[in-house]
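Values in this text are rule-based calculations from the coordinates and carry no lab data. Here the structure is a predicted model, which is why all the values come from computation and not from measurement. Every residue, glycine among them, receives a Cβ derived from its backbone with ideal geometry; neighbour counts consider all protein chains shown.
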Amino acid sequence: MSGPNKRTNKAIWAMAIIGVIIGGGIATWHYLKKDVKSPNSKVEQIVEQKAEPQLKKAVAELSDSMYTIDYGKLNVEIDKGYAEIHNLKLTPNPGIIERLRRDQKLPNNVVDMKVDKIIIQNIGLKKIEGETAMHIGKMSVINPVMTINNKIRNYKDTSDHRSLFSILRKKLSTSVDFDAIADVKIDVMNMTNATLLYKNNNSNSPRTTRLKNLDFIISNISTDALANKGDKSGGLAIATIAHQRIVTADKLYFVDFRNIRIIPSERKVFIGSFELIPTLSKSAFVKAVKAGKANYRYHLKNTGIVMRDIDLDKLTRRQQIYIPEVDVDYAWAEFYTNYKWPLRTPPNRRDKYPNELLQKLAFDVTIKKMRVKNGDMEFRIVTESADKEAYLSMNNVSSVYTNITNNVAAKNANRYTTLVSDCNVMNSGKLHSVYKLDLKDKNGRYTASSTMGAMDGTAFNALSEPLALTQVKSMNIQKMHLDLKADEYKATGNIDMYYTDYKINLLKKKDDGRLKKRSIVSFVSNIALPNDNPKENGDFRKGPINVIRDPKESFFGFQWRAMLDGMSSAMMGNDQKKDQPKNKVTKMAKMFFGPKKGQEYKSTGTDKKRMTGTEGTGQKNQE
């Protein structure tokens with residue numbers, strides 16, 4: 001064998017190609033800066049004769065001639081530090097790919113990439129903190145389209161273990177004195193209308209993830225990866241990104257990352273904050289609702305994210321993301337909707353449970369443990385019956401997730417993702433919950449077990465008054481315990497409620513928008529309503545759960561309805577045995593408080609036979 005095979009870390013080819021383009025751009029700039037000063041020199045001629053061959057040679061050598069690089073129009077203005085390139089294409093060579101496959105040297109990823117235009121502004125060398133840095137003011141990448149075909153090839157590992165950037169520096173060192181460059185900095189990098197198609201071809205049922213129409217804004221990028229400091233640390237350099245923003249395809253959200261630090265030598269990634277930010281205010285969001293884009297407005301923020309012991313070998317050689325530990329200092333989430341909006345008909349949500357969506361992801365991901373140290377969740381609903389928001393909160397949330405994965409071997413070893421969470425409900429009752437989500441069940445099966453301690457039931461008035469026109473006058477909750485088994489089609493289980501002195505006031509909305517007590521109806525209701533559970537004679541009312549899921553219901557929406565099914569039976573004493581789905585209380589409540597026709601119509605559609613239990617969660621539905 002004539003030396004190491006050229007499969008050198010080509011597993012992270014995407015970084016390689018970007019690095020080659022940037023490094024090649026630096027080399028091109030050096031050539032032009034030097035040679036354009038000579039009399040009668042032409043930029044196009046210099047690029048064609050010197051810079052372009054070096055760039056193409058670097059791409060060919062790094063990929064074992066597997067790729068060719070081509071482009072159309074090139075415009076360079078040296079004095080302004082400006083360049084633009086049109087119709088850049090990176091194309092795989094089918095003949096070379098077949099040869100590499102026969103020789104067992106084909107890398108795991110084969111990429112096809114094209115970019116309509118790249119614009120680089122204010123490129124040059126600058127002194128930053130006493131060291132020379134290659135500085136790019138702004139880089140714009142317009143309409144990039146990248147297709148990745150992934151197939152893990154279990155060849156004998158004879159690859160070159162040097163850093164990709166060490167190899168890149170060597171390839172371009174005849175053109176550029178990289179030892180004189182201490183850092184590479186980019187102030188702003190924009191990617192407009194980006195498309196990524198990732199195909200995972202490692203099973204009998206290939207998985208594909210497609211991301212379309214995304215806009216990226218990345219600011220203050222700094223890396224010594226092309227500089228001499230990278231080699232001194234074994235090629236594992238520190239990279240930082242001050243801010244990265246992604247605009248979602250529907251243009252309703254920004255996805256923001258701030259203060260990213262990547263330290264491969266320590267196998268760590270730090271993220272200062274991750275945030276999902278609505279682009280529209282709550283009042284303006286109704287426009288998106290009318291356009292049929294959404295019913296709910298989400299706002300999320302996580303801070304102090306640390307990923308530890310990242311397996312770089314699996315990432316670089318097998319494109320498997322394996323992270324043993326993730327810590328999040330604080331997580332906050334707000335879920336908002338307005339029932340006065342013309343809510344769209346919800347989409348069919350079959351195969352949309354969290355454990356099911358994870359299995360569809362083409363990227364191979366395993367997070368062994370993720371800890372959220374503290375957090376808050378808020379649910380806000382503006383109802384038709386009242387002008388104020390209904391509000392429910394989970395406060396001081398601490399959670400531990402284990403075995404988040406779609407990796408086949410990991411699922412064979414442990415088929416469950418487990419979530420253990422503790423929080424305060426409405427800043428009051430302590431709630432302990434354990435979820436187990438089956439990663440292999442075809443119907444998205446999961447179990448939930450929750451126990452809530454003592455709390456004052458009047459804390460729920462912020463939710464019940466505007467949402468159900470019901471005020472909890474008094475209620476001493478002693479304990480609640482939920483056991484639930486659910487999947488995409490049905491949920492069964494039980495909720496036990498221990499409480500005393502339960503009394504309510506029924507309300508109605510006045511002309512001025514305020515809520516007023518309905519005295520006579522409230523009085524009669526409190527006479528009919530059991531005030532204690534268990535009763536003074538010791539009789540205890542169970543809360544059996546048996547509900548059929550509407551295919552349009554969300555994961556949490558269905559779980560909430562299942563709990564209401566059990567709670568109504570526990571409080572009223574009806575339907576203490578539920579061999580089949582039934583609930584007199586909720587049926588009556590739907591007559592008076594259900595959604596208006598046409599506002600949020602739901603249908604079981606063709607799934608009715610499966611939902612009635614004739615096709616359940618038996619072994620035949622499991623892998």
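Any idea what diffusion coefficient the range 310-464 gets from Stokes-Einstein, in µm²/s, Kirkwood Rh on alpha carbon pairs, 20 °C, 1.002 mPa s?
Details: Rh = 18.0 Å.
My calculation gives 119 µm²/s for D.
Given all pairs of different Cα atoms, what value in angstroms does the Kirkwood hydrodynamic radius of the range 348-434 take? Mind dumping the intermediate values first?
On the way: mean 1/r = 0.0647 Å⁻¹.
Hydrodynamic radius (Kirkwood, Cα only) of the range 348-434 equals 15.5 Å.
Take every Cα pair under 8 Å whose residues are at least 6 apart in sequence, average their separation, divide by the length of the range 297-595, and the relative contact order is 12 percent.
Taking R0 as 35 Å, what's the FRET efficiency between F363 and T240 from their Cβ-Cβ distance, rounded to 0.05? Can you show the working numbers first?
Values: r = 24 Å, r/R0 = 0.68.
After rounding, the FRET efficiency stands at 0.90.
With K and R counted +1 and D and E -1, the other residues having a Cβ less than 13 Å from that of A331 yield a net charge of -3.
The distance between label points at K89 and S554 comes to 4.4 nm (points 7 Å beyond Cα on the Cα→Cβ vector). Taking label points 7 Å from Cα along the Cα-to-Cβ direction, I142 and V400 give a separation of 5.3 nm.
Here I527 and N574 are evaluated by their C-beta separation; at R0 = 22 Å the FRET efficiency comes out at 0.85.
Subtracting the Cα-Cα distance of Q104 and K352 from their residue separation scaled by 0.36 nm leaves 85.4 nm. Compared with the alpha-carbon gap, the fully stretched path from D329 to T418 is longer by 30.1 nm at 0.36 nm per residue. Stretched out straight at 0.36 nm per residue, the stretch from K282 to T195 would grow longer than its current Cα-Cα span by 28.4 nm.
Measuring from a point 7 Å past the Cα of T345 along Cα-to-C-beta, which residues in the range 296-320 have an amide N at less than 19 Å? Only 296 fall inside the zone, counting backbone N under 19 Å.
Explain nothing, just the number: dipole magnitude of the range 297-595 about its Cα centre with +1 on each Lys and Arg Cβ and -1 on each Asp and Glu Cβ, in debye rounded to the nearest 20. Result for the range 297-595 is approximately 780 debye, rounded to the nearest 20.
Order these peptides, 212-219, 271-278, 68-75, 485-492, by their mean beta-carbon neighbour count within 10 angstrom, highest first.
On the way: 212-219: 15.6, 271-278: 17.2, 68-75: 14.1, 485-492: 21.9.
By packing density, highest mean first, the sequence is 485-492, 271-278, 212-219, 68-75.
Based on the inverse mean of 1/r over its pairs of different Cα atoms, what is the Kirkwood hydrodynamic radius of the range 297-595, in Å? Working shown, then result.
Details: mean 1/r = 0.0470 Å⁻¹.
That comes to 21.3 Å for the range 297-595.
Per the Cα gyration tensor, the range 458-556 maps to an equivalent ellipsoid with semi-axes of 28, 22, 11 Å, ordered largest to smallest. How far is it, in nm, from the label point at K151 to the one at K373 when both lie 7 Å from their Cα along the line to the Cβ? Distance between the two pseudo-spin positions: 4.6 nm.
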